[in-house]
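To start, the structure under review is shown below, and the notes come after it.
What follows draws every value from the coordinates through simple rules; no lab data is involved. Being a predicted model, the structure only gives us computed values, none of them experimental. Cβ atoms come from the backbone with ideal geometry, glycine included; neighbour counts cover every protein chain shown.
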């Protein structure tokens, strides 16, 4: 396979292991996972990925999401290393627009990824997690890593405080009516504080993301202020 790749006029170089992406054993990383159904319907979703070792990752999946269904259907996924908060936000609040997708060997990926890797399922374990989302039912999935690529002339760096606020708010958004249904006022207060931080230290994309998240939550819960 070629050691260089061009996607959307962006040059990528092939790497040997996850350490090349600054992903290290035992650490969890917030990523965008892209999958597709057997009918080639694309999906993108924020997924926490645990680095098991240099060439394996572990992900926890809830039964009712498209990502889970696609992975269980064909066992394939691409893990995209992303810094843009709007991609995290759009893919959480709804379906990601076609303009954000590229392709790697016919499989969907995020075309402006800082880096990405293809992975395939090698083991699944049924597990009930400690929440009441979909009765807590899901799978722990171990994946083998292949075809690792890094964008040339790009340094993969830790996310800043405002970006972390966006990610944390998206987690709260997803769990607001399930895990946090008895603590919604407390969680809402915390989300407003995260928004205050983001508006103070964030860039325009991060600020817009926080507004979208809070507006969507208020749209679904008209008692929130």
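Here are some notes:
- Compared with the dominant Cα axis of the chain, that is its longest principal axis, helix 184-201 is turned about 60°.
- Stokes-Einstein D in µm²/s, Kirkwood radius over Cα pairs - the chain at 25 °C with 0.890 mPa s viscosity: 135 µm²/s
- Exposure proxy ranking, count of Cβ atoms within 10 Å, fewest first, for 172, 223: 223, 172
- Virtual paramagnetic centre 7 Å along Cα→Cβ of residue 27, amide N under 20 Å, in segment 71-106: 79-85
- Residue exposure sequence - 125, 156 - by fewest surrounding Cβ within 10 Å: 125, 156
- Axis of helix 204-220 versus longest Cα principal axis of the chain: the two differ by about 50°, to the nearest ten degrees.
- Using C-alpha pairs under 8 Å with a sequence gap of at least 6, the mean separation divided by the residue count of segment 25-164 gives a relative contact order of 25 percent.
- Segment 7-121: C-alpha gyration tensor shape, a/c 1.5 cut-off, then a/b vs b/c: rounded
- Remark: segment 161-220 projects, on average over all directions, an area of 3.5 nm² (convex hull of Cα atoms).
- To the nearest ten degrees, helix 161-175 and the longest principal axis of the Cα atoms of the chain are 70 degrees apart.
- Remark: relative contact order (segment 1-107) = 25 percent; criterion is Cα-Cα distance under 8 angstrom and separation of 6 or more residues.
- Each of 194, 18, 28, 214 was scored by other Cβ atoms within 10 Å of its Cβ. Listed from fewest to most, they are 28, 214, 194, 18.
- Using the rule -39500 (n - 2.57) for each DSSP H run of four or more residues, divided by the residues of the chain, the 222 nm mean residue ellipticity is -9500 deg cm²/dmol.
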